[in-house]
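Bear in mind that the values in this text are calculations on the coordinates, not laboratory data. The structure presented is a predicted model; accordingly, all values stated were derived computationally and were not measured. Here the Cβ positions follow ideal geometry from the backbone for every residue, glycine too, while neighbour counts run over all protein chains shown.
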Amino acid sequence: MTALLEVEDLTKTFHVSRRRQVTAVKGVSFQIEKGRTYGLVGESGSGKSTVARMIARLTEPTSGTVRFDGVDVTRLDRAARQQYRRDVQIVFQDPFGALNPRMTVADLIMEPLQVHRRGTAKDQRDRARELVDHVGLGTAALEKKPVDFSGGQRQRIMIARALALQPRLIVADEPVSALDVSVQAQVLNLLKDLQEAFGLSYLFISHDLSVVEFISDRIGVMYLGDLVEEGDKRDIYAHPTQDYTRSLIDAIPTIEGRP
């Protein structure tokens, strides 16, 4: 398989005062293959969301490289940066906080197309109509506002919005952690269906190893800014080499009478 995204020795240091600094991410390296999902798992404060923000160009790395299709994205000119922003979209944990409550679903989905000047007004409307169907909301949702929907439905709106520009990579930062377990399963299955339909690659961020194991092809485990373990999901789950990874596995709830 060909790598779509290559992260090499990525580091982020925050200066919290004149004399004190905190290194949130320490020399992290991994690859995401085209059409595959890379799961990054770790507890709060592990640095996984900072990695996601650096890949999405929401935060600049202190050092290291991020290559997309072989090109270092930290050295792009203005036109190439615009294309990268179309190619890489992010889905956040809190859909209600990320969605403008005054906008209709149609406007929310069309907004990225308008910002990037993609298509006519009719093209944009048609794209919104197509995407609400793809995420299972139906065209009746187009004229409603975020307050009219449940948490799981709002996350579907966020996913539709992320798909508007036909991205190649979606960075999903804790996209199901605020949802009930049954709704989590529905959203995860939707993400899998969309990946197959559109050939998407995902960077999936979560603190829950069972969720990451379900959706990912490869898994990286982060602890205090370090990538402490990485590999095929079956190997990580069945034969962890790090005590921290074992503790994440042990924290997964089990049904009494089952392993």
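Under 1.5 on a/c is rounded, so check that first for the stretch 53-181, then, if it is not, pick prolate when a/b is larger than b/c and oblate when it is not; a ≥ b ≥ c are the square roots of the alpha carbon gyration tensor eigenvalues. The shape class here is oblate.
Estimated from the Cβ-Cβ distance and a Förster radius of 41 angstrom, the FRET efficiency linking residue 148 and residue 23 is about 0.40. What longest range of the chain stays clear of loop-exposed GluC sites (Glu not before Pro) (DSSP non-H/G/I/E/B, at most 14 other C-beta within 10 angstrom)? Between the exposed loop sites, the longest stretch runs 44-255.
For the pair the stretch 1-61 / the stretch 218-252, the C-alpha centres are spaced 17 Å from each other. Of all DSSP bridge pairs formed entirely within the chain, close to 55 percent run antiparallel. Ranking 112, 166, 216 by Cα position along the charge dipole of the stretch 3-250, where only Lys, Arg, Asp and Glu carry charges on their C-beta atoms, puts 112 farthest toward the positive end.
The distance between label points at residue 243 and residue 183 comes to 3.8 nm (points 7 Å beyond Cα on the Cα→Cβ vector).
FRET efficiency for residue 15 and residue 77, Cβ-Cβ distance as r, R0 = 30 Å, nearest 0.05?
0.60
Spacing of the modelled spin labels on residue 130 and residue 118, each 7 Å from Cα toward Cβ, amounts to 1.0 nm. If you take the square roots of the eigenvalues of the alpha-carbon gyration tensor of the chain and sort them as a ≥ b ≥ c, do you get rounded (a/c under 1.5), prolate (a/b over b/c) or oblate? Because a/c hits 1.5 or more and a/b fails to exceed b/c, the chain counts as oblate.
Between residue 111 and residue 210, the contour length at 0.36 nm per residue exceeds the Cα-Cα span by 32.2 nm. Local charge for residue 8 was computed over the other residues whose Cβ lies under 12 Å away, with Lys and Arg +1 and Asp and Glu -1, and equals -2. Placing +1 on the Cβ of every Lys and Arg and -1 on the Cβ of every Asp and Glu, with nothing else charged, gives the stretch 3-250 a dipole about its Cα centre of roughly 1120 debye. In terms of its C-alpha gyration tensor, the stretch 128-193 comes out oblate, because a/c is 1.5 or above while a/b does not outweigh b/c.
With R₀ set to 30 Å, the beta-carbon distance separating residue 6 from residue 43 gives a calculated FRET efficiency near 0.70. Please list, by residue number, every one of the trypsin sites (Lys or Arg not before Pro) in the stretch 96-155 that is coil in DSSP and has at most 12 other beta-carbon atoms within 10 Å. Qualifying residues, ordered by number: 102, 117.
Of all lysines in the structure, not one lies under 18 Å Cα to Cα from residue 122 without also being fewer than 8 positions from it along the same chain.
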